[in-house]
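The values are calculated or read from the model by the stated rules, or taken from the named source; none is laboratory data. All of these numbers come straight from a predicted model, not from anything done at the bench. Here the Cβ positions follow ideal geometry from the backbone for every residue, glycine too, while neighbour counts run over all protein chains shown.
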Amino acid sequence: MGEEEVLQSESDVANANTNEEYSFPALRFDVSPHRTYHFHRQFIIPSNPNNFHKAVKWSPDGSCFLTSSDDNTLRLFAPPGTESDASVAASDDDSFAANVVMHEGESIHDFCWYPYMSSSDLVTNVFATTTRDHPIHLWDATSGQLRCTYRAYDAMDEITAAFSIAFNPAGTKIFAGYNKCIRIFDLHRPGRDFELYSTVKDKKEGQTGIISAMAFSPFHSGMLALGSYNRTAAIYREDNMELLYLLHGQEGGITHVQFSKDGNYLYTGGRKDPYILCWDVRKSVDCVYKLYRSSENTNQRILFDIDPSGQHLGTGGQDGLVHIYNLQNGQWVSSFEAALDTVNGFSFHPFLPNAVSSSGHRRFVLPDDGDEELRLSGRENCVSVWTFCYDSMEIDMERNGSFNNQSESGYLD
């Protein structure tokens, strides 16, 4: 109970902090961002020369970001307190080494941060992962040690792995997506206890297929969005998993869903599908608009993100570019080259004018090539931190330990 009380108190503090007045910098996307940090070499391992990335996500407190890669490894990077004035070239030399490295036993399906995570609080500095043929793991982001596991069993009493996971907004439960069902675990009760909800009703009505993505409405409205490999998205009530809307229109299996900052719109993206669809959850009849990205020839999960102001969306693609769109009208704003291969992850910093991208895709060596080694440049299978230019404004905020301390117009160098 002691840990539960501490988590609850941290939640109250986080809610109070979010109510403080703060204006996110107005980013200028007409000016290309510069690469602040770059990482490539430490991902190369002898047993897997093509160790491509799968995803990257900033922590909720903005102190670090987490990556997952094909070698079943999670790496946590915490940018230092100061940075040089010059941009970093995309070379084979990494800016710095990962602070914490965690190894999973199988391929990583998904991971998510605890919503009230704080790097200064050892209790809340955690994240959850789900991997093939393994239970859900809760990791300590400070030490890299495994905290506890949440196990789901099938009809044969064998462990079954989740394909997607997410913490509820209150930070008290873990929602996990499986084949045609959702399992809900109490965060404070590790083990095999869970609530089971089927997404398919009688006569195959409802949402079929593997639940491959999920997201909660940011305004504690009690709405949960689920994406399925059966090319459907659905919105449910969080408390009883009642189906509210079922959305059809994605060309491929859905791999990512995300609500807008005001909770009125839902964005969905799929594999082998060149468009991110925007849905108005207040109507949920027709798609509002479509955002193009180069992803029509890959089964990869390509993550997109919305900036903290809620006005722009950034997404990668197979063309190595990050495309920025205006969410007010769905129009393309700008793009910049982030890598020489597929940009599969893009995440905005929660309150600073920064973002992080990850790249890479599976490469196959033909038998005729013999023992020829796979040689990749420093701009392939890489992770980069970007700094955006922003309009002149006063930012009255304490940035304790953050890696950007400027509040004047221009780049945060």
Next on the checklist: I need the full set of residues from region 20-63 which are among the charged types (D, E, K, R), touching a residue at least 40 places away in the same chain (Cβ under 8 Å) and either touching a Lys or Arg at 6+ places or on another chain (Cβ under 6 Å) or in a loop (DSSP other than H, G, I, E, B) (or both), in order please.
Outcome noted: ASP30, ASP61
Checklist entry - Taking region 34-70, which residues are surrounded by 22 or more Cβ atoms within 10 Å (Cβ to Cβ), of a type in the set (S, T, N, Q) and more than 11 Å from the chain's Cα centre (by Cα)? => result THR36, SER69
Next on the checklist: Take the conditions crowded, with 16+ Cβ neighbours inside 10 Å, farther than 27 Å from LEU246 by Cβ, among the hydrophobic types (A, V, I, L, M, F, W, C) and in contact (Cβ under 8 Å) with a residue 12 or more places away in the chain and apply them to VAL343. Does it pass?
Outcome noted: yes
Item to check | Leading residue by the ranking (modelled with the highest pLDDT) among those in region 208-221 that are more than 18 Å from GLY177 (Cβ to Cβ) and either touching a Lys or Arg at 6+ places or on another chain (Cβ under 8 Å) or among the small types (Gly, Ala, Ser) (or both) | outcome: PRO218
Checklist outcome for this item: Residue set ASP319, ASP396, ASP369; condition at pLDDT below 55, closer than 29 Å to SER260 by Cβ and surrounded by fewer than 22 Cβ atoms within 10 Å (Cβ to Cβ); output residue ASP396
Checklist entry - Mind checking whether some residue in region 242-263 is among the hydroxyl-bearing types (Ser, Thr, Tyr), part of a loop (DSSP other than H, G, I, E, B) and in contact with a strand residue (DSSP E or B) (Cβ under 6 Å, 6 or more places away or on another chain)? => result no
Item to check | strands (runs of 3 or more DSSP E) within region 288-362 that include 2 or more residues within 17 Å of the chain's Cα centre (by Cα) | outcome: 304-306, 312-315, 321-326, 343-348, 354-359
Checklist entry - What do you reckon, is SER358 at pLDDT 85 or above, surrounded by fewer than 23 Cβ atoms within 10 Å (Cβ to Cβ) and among the hydroxyl-bearing types (Ser, Thr, Tyr)? => result no
Checklist outcome for this item: Filtering region 278-292 down to residues that are surrounded by fewer than 23 Cβ atoms within 10 Å (Cβ to Cβ) and touching a residue at least 12 places away in the same chain (Cβ under 8 Å) yields CYS278, ASP280, VAL281, ARG282, SER284, CYS287, VAL288, TYR289, LYS290, LEU291, TYR292
Checklist entry - Is it true that some residue in region 135-143 is under 18 Å from ALA98 (Cα atoms), surrounded by fewer than 22 Cβ atoms within 10 Å (Cβ to Cβ), within 20 Å of the chain's Cα centre (by Cα) and not aromatic (Phe, Trp, Tyr)? => result yes
Checklist entry - Residues in region 153-161: is at least one β-branched (Val, Ile, Thr), crowded, with 17+ Cβ neighbours inside 10 Å and assigned to a strand (DSSP E or B)? => result no
